[in-house]
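Notes for the one structure printed next.
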């Protein structure tokens, strides 16, 4: 058996006689590739086992010793999405999944303007609803211009221990919004929205309605009765 090449300090053997050089190493006939050679694996272990630089150790110690940034209690994490022309938000903790649109199977004598039917989510049938008729647009809301970058999604939420699904025409993403910035509902808010919306807030040029998740669960239950 031919001897294993000695690992060079300055230039590794795979760069001088290995696959990255002239391939004159006798071990290539046995190992085919340098990564299969004990010398190459030894170099990898030596790289991981090398002493930590003093500067890096000092920086890491300083970083771990510092206090983590405190999250302000006045902020709430929300998922912002759109249904028809209305922008909505709910606490992100309510959401379990965001799925691609799927076929919805109507349930005879049960499906209605709120309860659409059953939808398959990863092999499991779930109750699917629409929020469109729960929340109507307000007179001062600007119509949404359809964008080719808007991708419809099926949003899976868990409310009061029950899993529900509803489609969204667009999902903006998750934000952290200060509770102090929430606004009370004005008098001209659509009556259907008053049962479900707990507050309003502005995000850039968007007026967003904050959904009360407990009320939403009640409306879903009523839609099934």
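Only the coordinates and a few stated rules stand behind these numbers; no lab work does. On a predicted model such as this, the values are computed, not experimentally measured, just so you know. Counting neighbours? That spans all protein chains shown, and the Cβs are built from the backbone with ideal geometry, glycine included.
Descending by average beta-carbon neighbour count within 10 Å, the peptides 150-159, 115-124 line up as 150-159, 115-124, the highest first. What shape does segment 13-65 have by the C-alpha gyration tensor, where a ≥ b ≥ c are the square roots of the eigenvalues, rounded means a/c under 1.5, and otherwise prolate means a/b greater than b/c and oblate the rest? It comes out prolate by the Cα gyration axes.
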